[in-house]
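The values are calculated or read from the model by the stated rules, or taken from the named source; none is laboratory data. Just so we're clear, the structure is a prediction, and the values are computed from it rather than from any experiment. Reconstructed Cβ throughout: ideal geometry from the backbone, glycine too, with neighbour counts over all protein chains shown. SASA here: full protein model, heavy atoms, side chains in, ligands and nucleic acids out. Shrake-Rupley method; radii C 1.70, N 1.55, O 1.52, S 1.80 Å.
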Amino acid sequence: MEHPKKSQSCELYPSKKEIHNYHGVVHSVISYGKEDDQQLNGTLSLIQESEKVVIEWRPNDVSIDTECQEDTEWALVNTNTRTRTSSGSVDGALSKLHVNIMLNDVKTIKVSNKKNKLTFTLKDNKQKVFFFHFGNVNQFFEELRTTVTLKRSHHDSNLYFVHDKNAIVQSFSDLTLVDRGGDTVWNLVGDLKRRPYETTLSTFSKLTELLLYRNPEARPEGAMVEILSSLSSTDGCPEVDDSYHFICPVLGPRKLEPRGIPLSQDHWETAKDTEGKIINPDHIKQIIFKGGITPSLRPELWKYLLCLYPWNSTKKEREDILNEKTEEYKRMRAQWSTMSADQESRFTFFRDKKSLVEKDVNRTDRTMPFYAGANNPNLELLSDILMTYIMYNFDLGYVQGMSDLLSPILAVLGNEVEAFWCFVGFMNIMYHNFDEDQSGMKKQLSQLHTLLTAVAPDLATYLDSHDSGSMCFCFRWLLVWFKREFPLEDVNVLWEVLWTGLPCTNFHLLICVAILEKEKNKLMSAGNGLSEVLKHVNDLSYNMDLNDILMRATGIYNQLDQSSNLTASTQRVLGLAHDLISVQQSQSEPEEIVGEEKIDVSMENGYEKSIEYNYF
Amino acid sequence: MANKAGPQRPNGTAQAKICQFKLVLLGESAVGKSSLVLRFVKGQFHEYQESTIGAAFLTQTVCLDDTTVKFEIWDTAGQERYHSLAPMYYRGAQAAIVVYDVTNQDTFGRAKTWVKELQRQASPNIVIALAGNKADLANKRCVEYEEAQAYAEENGLLFMETSAKTGTNVNEIFLAIAKKLPKSETIGGSGSGQGRRLVESDTTAKTSTSCCK
C-alpha cells in the first residue's frame, strides 16, 4: 500500500483526485441487520471531486469471499450450503458492486470490532459497513479527519458525528421545530405572542424529544445536539415508587401489574357451550396469559394451545380428531419401529438420528420424578415420540434441544399420541430454532438486540463494545424457551403464557429483555467481556423469579406499545406495525444495503405461516 | 479421589507467576466434554449430565511449580447442527481438548475432523490435547489405545485416556496442557493485573471455582 502525500486541506486538491486508497477492505452486505451474508473484498478510496469528498469502494472481483469472515462471530466454517430462501437481494447487490458515498451525506461513522469495522450511517439512515482486513482503519480515519470534522459521541466512544460547515444550521433545520413552509414560522410567532407559555413549552418539548430521546444514530448531527444530549442520562432517571420505574427516557413510565390467578376448573366449565365449543377463546387466552393454568387443567388446555384441537370444535369433533390423529401416529410409528437392523445398516441418516435420540433421551430431565431411575418406561415414550417425529418431519429429523421441548409436554399429558401431536404444534412454532444454518437463531438474536436497544440502550451499547453484541449468550434461552433456566413448574407456566401468542409477536424476546435489564448493573460491571457475560447469564439458571420476570416483560411491552418513538424495526419485531411488512414486500428490489430496515420477507412470512392460528 | 491430586489454589506467595489461558472443549455429542469439565472444576460426576446448549464458561486454576495457571474453559455443544457456532468459541483459544468416546469409533473419526479444523482455523500455536474418555468402560472399548496414541503422535497432540466418572487422568490432562503452554509470553500479554488479583485474594479464586455450573 502506497501512502500518497497527505494534504491538510481539501482546497488544495484539483477537480478530481484520489486522496488515498486502502486495499483489503471488505464490504459487507447486510441482511437481517447482520453483516454475515455477503462479504466482498475490495479497495476503499477517498476521492476529492471538485468541492466534494467521495468515499468509493471497488470490488477486487465478483467472487464471493467466504474466507474473509474473521470479523463475524458466526460460521467461520462453511459446513453446508446455505439454503435460505432469499428475497433476491443478494443478486441485486452483485449487480451494484461499486459503492459511492458522498461525505456530505454521512451522518455518523462508527468504529467497532476491535477497530477493524467501519459503519457509515447516512442521512437517510442507510448503513454501509466495511471491514479493514489489514487493520489500517485508523489510517483511513486520520485521513478522513483532514477533510472533515469528526466529533466523538458522549454516549458511545466509538461513534463519531460528521460535521461540515453547515452543521449547526442544518441541525436546527432538521429539528423541524418549524416546518419548511413559511406559514408555520408565522404561526409559531403568532402562537408565541398569543400563548407564550404553552408555545414555549411545546417547542422545547419537541426539541427535547428530538435531541434526547432518539438513539444517537437517528439524531441530527451537530455540536448542540451532543451538548444537549449529554445532559440526559438514564442513570439520572428518578424512581417514583415500587410500582413505577423510569427506565429509559424514550419510553413512558413502566407500570408493573401483579400477575393474575390461574385459569380455574370453575371458569373452564363455564367457558364451553352445550356442544362443547369454547365460547370466547380470546378471553380464555387472556386469563392464561395473565396467570397460567391450574395444573389439573393443563392436559386439556394444552391441546388447544398447541393446536391439536381448534377452539371452536365440538366435543364430537374432538373425538373424531383424536381418532384420526391416533391412526396417523400409529402409521408413522410403525414406519420406524418395523425397520430391521439389516435395513438400518444401509440407512445412515436414520441411524445417525436414532443415535442422537438415544444419547439425548438418556440424559433429559433425569432428576424429574417422571423420568428418574434406570429403565423408567417414560424414557421409552420420550424416545418413541422423538423417533416418530423423525418420520413426521424428515427434513428436520432430530436436533439437540428437541428432547427438552418434548419432555414437559409428555410429563403433563402422559399420553403418547396426544403428547406427540402437541409436540408437533410446539415444533411448528420452534422449527426455525433448528435451522441447518442457524438463520432462525441468528435472526432472533438480532431482533433481541433491536429490542434491547429500544429498552436499555446503555446496556446494548455496553454489550456492543464488549464483544457481546451478537447476543449469543442468550442462545440457550431462545433455543428451548428458557427450559434450562426455570424449574419445571415455572417452565409449564411460562410456556402456556407464550403459547397464547399474547400480547404481541416475539413476546419471548421481551422476556429476555426483562431479564437482561434486571441484571444490567451486574452485566455492565467493569471489564465484563463475553465470557463473564455468558457465565453470569448461565448462572442465572434456577435463580430467577418467573412472576417478577413476566410482570416486567409485560410492563415493557406496554411501554413499547404506548411509545410513539419506536423505530420501524422495533415495531416490526413486535408486530406492532403490520403495514410495514406489506410495504417492504411490495418493493421490487431493495437497495443492497438497508441495514436494520431490511428484512427477509420470505423468511418472516414463512415463520408466521409455521405458527398456527393460536400464535397470532 | 480426584480432589487428592486435584487443582490447588495459589498459596499466596507474592512471587508466583500467574498465567491465564483460554481452553475450549470440542468433540462429538455425548462423549463427556461437560463431564470432564465438571470433574476438573468441581470434582463431581453426574451419570445423566444434561446436554450442553450453546456453551458454558467455567474457570479453574492449577498450580505448577512457581506458576499459577488459570484456565478459562469454554465447554461447547457437540452436535453437528451446532458446528457453525464453534469458531466463535475456539477463536483466540490457546488450548483445546478434543474429546472422543473410547466405546464409539465414530466419535474418534469426528475428533480427527476437529483436530484438522483447529490446525487449519484456530490460533497457530494452539496446544491441542486428545482425550479418549469413558476409559472405565473397558469391556465396551472400540478405539484401541495404540491407534489413538499413534494418531496423536503423528499430529503432535497430547494424548490421554480419561474417565470423568472415576476421575482417572482428568486433572492430569489439564496439568499436561498447563505445562506445555508458553508461560513467559502470556505473562506479558494477558496481564499480571488479573493474576495478581487471584493471588492477593484467595476468595476470588474460590468464587471462580465454586460457582461454576
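Residues that are facing chain A (nearest Cβ under 8 Å) and over 22 Å from A:TYR398 (Cβ atoms) within the range B:71-83 comprise B:GLU72, B:TRP74, listed in sequence order. Return yes or no: is A:TYR398 touching a residue at least 60 places away in the same chain (Cβ under 8 Å), buried (at least 18 other Cβ atoms within 10 Å of the Cβ) and within 20 Å of A:MET332 (Cα to Cα)? Against the criterion (touching a residue at least 60 places away in the same chain (Cβ under 8 Å), buried (at least 18 other Cβ atoms within 10 Å of the Cβ) and within 20 Å of A:MET332 (Cα to Cα)), A:TYR398 does not qualify. The criterion of at least 3 residues that are open to solvent by less than 70 Å² (accessible area, probe 1.4 Å) and touching a residue at least 24 places away in the same chain (Cβ under 8 Å) is met, among helices (runs of 4 or more DSSP H) falling completely within the range A:269-363, by A:281-291, A:298-305, A:315-337, A:348-361.
For the range A:367-394, how many residues meet the condition of being more than 29 Å from A:PHE347 (Cβ to Cβ) and either in a loop (DSSP other than H, G, I, E, B) or open to solvent by less than 20 Å² (accessible area, probe 1.4 Å) (or both)? Within the range A:367-394, residues that are more than 29 Å from A:PHE347 (Cβ to Cβ) and either in a loop (DSSP other than H, G, I, E, B) or open to solvent by less than 20 Å² (accessible area, probe 1.4 Å) (or both) number 5. Screening B:VAL98 with (1) open to solvent by 10 Å² or more (accessible area, probe 1.4 Å); (2) touching a residue at least 40 places away in the same chain (Cβ under 8 Å); (3) under 26 Å from B:LEU181 (Cβ atoms) gives one miss only, at (1).
In summary, A:GLU485 fulfils each of the numbered conditions (1) within 14 Å of chain B (Cβ to nearest Cβ); (2) surrounded by fewer than 21 Cβ atoms within 10 Å (Cβ to Cβ) with the single exception of condition (2). Here B:LEU175 does not qualify as in contact (Cβ under 8 Å) with a residue 40 or more places away in the chain, under 20 Å from the mean Cα position of the chain (by Cα) and open to solvent by less than 30 Å² (accessible area, probe 1.4 Å). So, B:ALA111, is that one crowded, with 23+ Cβ neighbours inside 10 Å, in a helix (DSSP H, G or I) and at the interface with chain A (Cβ under 10 Å from one of its Cβ atoms) or not? Here the answer is no, as B:ALA111 does not meet what is asked. So which of B:THR68, B:THR103 is more than 16 Å from B:LYS33 (Cα to Cα), more than 10 Å from chain A (Cβ to nearest Cβ) and of a type in the set (S, T, N, Q)? Matching residue, one of B:THR68, B:THR103: B:THR68. Condition (residue is basic (Lys, Arg) and within 11 Å of chain A (Cβ to nearest Cβ)) applied to the range B:84-93: is it met by at least one residue? Yes; the residues of the range B:84-93 include at least one that is basic (Lys, Arg) and within 11 Å of chain A (Cβ to nearest Cβ).
Only one of the numbered conditions (1) open to solvent by less than 10 Å² (accessible area, probe 1.4 Å); (2) within 12 Å of chain A (Cβ to nearest Cβ) is not met by B:TYR48, and that is (1). Out of the residues in the range A:254-268 that are of a type in the set (A, V, I, L, M) and either in contact with a Phe, Trp or Tyr (Cβ under 9 Å, 6 or more places away or on another chain) or assigned to a loop (DSSP other than H, G, I, E, B) (or both), which is least open to solvent (accessible area, probe 1.4 Å)? Of everything passing the filter in the range A:254-268, A:LEU256 is least open to solvent (accessible area, probe 1.4 Å). Got at least one residue in the range A:103-110 being at pLDDT 50 or above, out of contact with any helix residue (DSSP H, G or I) (no Cβ under 7 Å at 6 or more places or on another chain) and within 14 Å of chain B (Cβ to nearest Cβ)? Within the range A:103-110 (the criterion being at pLDDT 50 or above, out of contact with any helix residue (DSSP H, G or I) (no Cβ under 7 Å at 6 or more places or on another chain) and within 14 Å of chain B (Cβ to nearest Cβ)), the answer is no, since none of the residues qualifies.
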